[in-house]
1. Which of GLN250, TYR145, ILE367 sits closest to the plus end of the dipole of the chain, meaning its Cα is farthest towards the positive end, when Lys and Arg get +1 and Asp and Glu get -1 on the C-beta?
2. Ordered by residue, what ³J(HN,Hα) values in Hz, to whole numbers, does segment 169-184 give under the Karplus form 6.51 cos²θ - 1.76 cosθ + 1.60, where θ = phi - 60° and Gly and Pro are x?
3. If you put +1 on each Lys and Arg Cβ and -1 on each Asp and Glu Cβ, how big is the dipole of segment 90-146 around its Cα centre, in Debye rounded to 20?
4. How much length, in nm to one decimal, is gained on full extension between ASP55 and GLU246, taken as 0.36 nm per residue of separation minus their Cα-Cα distance?
5. First compute the accessible area of the chain with a 1.4 Å probe, then give the percent of it belonging to carbon and sulfur atoms.
6. Classify segment 260-401: rounded, prolate or oblate, from the alpha-carbon gyration tensor (a ≥ b ≥ c, eigenvalue square roots; a/c under 1.5 rounded; otherwise prolate if a/b is larger than b/c)?
7. For HIS102, which sequence-distant residues (separation of 5 or more, or a different chain) have an amide H within less than 5 Å of its own amide H, given hydrogens modelled in the peptide plane?
8. Assigning unit charges at the beta carbon (Lys, Arg +1; Asp, Glu -1) and nothing else, what dipole magnitude in debye, to the nearest 20, does the chain show about its Cα centre?
Amino acid sequence: MYLNPEISLEKALAGQIYEALQGDVVKFVLKHAEYTTDSDNYWRSKMEGHCMKADENLLGSFYQLCHEVKAKLGFNEDVDFYVTGDSTINAFSIAAEGDQPHIVNVNSELFNLMSEDELRFVIGHELGHLINKDTELKRLIYFVYPQNVLPPVTLQYKIHLHDNLAELVADRYGYMACENLGACVTAFFKMASGLDLERMQVGIGDLLIDNSKHLDYFLRGGGMSHYDHPVNPIRVQAINLFANAENQVQLDKGMDELIQILLKVGNRPIDGPMSVFLATAGIIAANVDGNVTKEEYEHIVRSLSNSNIFPKAFLADILKQDVDKLFEESVSQILQYDPSLKVALLDYIVGVVIADKDIAEKEVNFIYHIGQRLGLSVREVSLIFADQVQRNYVPSIDAIS
């Protein structure tokens, strides 16, 4: 009896990204435009022309292993399995666009390093990506944002987090394929080191102890997972949790701690206090005239999106707390870290005030009051205010019509 291999946050992010990119509309338009990419033809030509395709007569034992894994995972769609002569320790899957079978490729070096159960884990992982339909979402992203065109920062963060979580989901399918936690763990370390661990006399117990040390570094805030794949300490612990959790509640609780690492955007001591400042200062400044406008709210959220994957949720959480106290604490922490940032802090507050294109007298007084509390002179406050107005202020249509 397996626990659910899905991760709820991964599913939610996939849906959010899909909706943000107007997935249904884009797919409808592309279908009726009879638009196709060269991706499927490229990969199939590469596989058929430069690799060995496994079938019952050629690479029969590998073919049988792959189909045993496929059957065990209950995946009924057609898949072609290939082996590429490549010394890099890698495997990948390509979801088919049309009626052709999907593609799973294993580089030849894996056969030199991996046991049969480790290969089952690798094949299960790649089939997990197909089951989870990760390629379909990637194709949508690459169409809307082709090469050298970047999505908005918040969307970039969410795509990165989704990619990391999708890898953890695929790892779970890999475990289900082999039912051998030790093989999953050794596969990770073999891919990371390129070493034959049995030959090096490294045991599973040693690997798990070593992994705990590295994981502790990340849990204590010492690092980030920058890449499309989570760092190995997270992957090893995540698969360990999936294999040993007694129920879904226990699994989800353990995963929450790991996901917190993946949620990190910045790694400087100032990043946390700065996010709190952006939220609290924005709330206070927007409330000065007694009316938080849509424009002011969006300005705050947009500013938070540079440092938070879920800026609206972060802002909502701040609103449940003592905003004034958090504001004072964040300002103190930021200026202790770098006193020169007081100009940037006031500049942000002015930006919130003028976001709704209506500058009330109360707001002007508030800006000068906060500026002086930050240790700025009236002249310095005036220069910051004037610069913001010149750069960003546009009169509302109501004011000039």
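1. ILE367
2. For segment 169-184, the Karplus-derived couplings read 5, 4, 4, 5, 5, x, 5, 4, 6, 10, 6, 9, 4, x, 5, 4 Hz, x marking Gly and Pro.
3. Numbers: 4 positive and 9 negative charges, 49 e Å.
Dipole about the Cα centre, nearest 20: 240 debye.
4. Details: separation 191, 0.36 × 191 = 68.76 nm, distance 3.91 nm.
Additional length available on full extension: 64.9 nm.
5. Values: 10900 of 21120 Å².
Reported share for carbon and sulfur atoms: 52 percent.
6. On the way: a/c = 1.83, a/b = 1.31, b/c = 1.40.
Note, shape of segment 260-401 comes out oblate.
7. ASP78, VAL79, ASP80, ALA96
8. 740
The values are calculated or read from the model by the stated rules, or taken from the named source; none is laboratory data. Please read these numbers as outputs of a predicted model, since none were measured by experiment. Reconstructed Cβ throughout: ideal geometry from the backbone, glycine too, with neighbour counts over all protein chains shown. Only protein heavy atoms, including side chains, enter the accessible area calculation; ligands, DNA and RNA are left aside. Shrake-Rupley method; radii C 1.70, N 1.55, O 1.52, S 1.80 Å.
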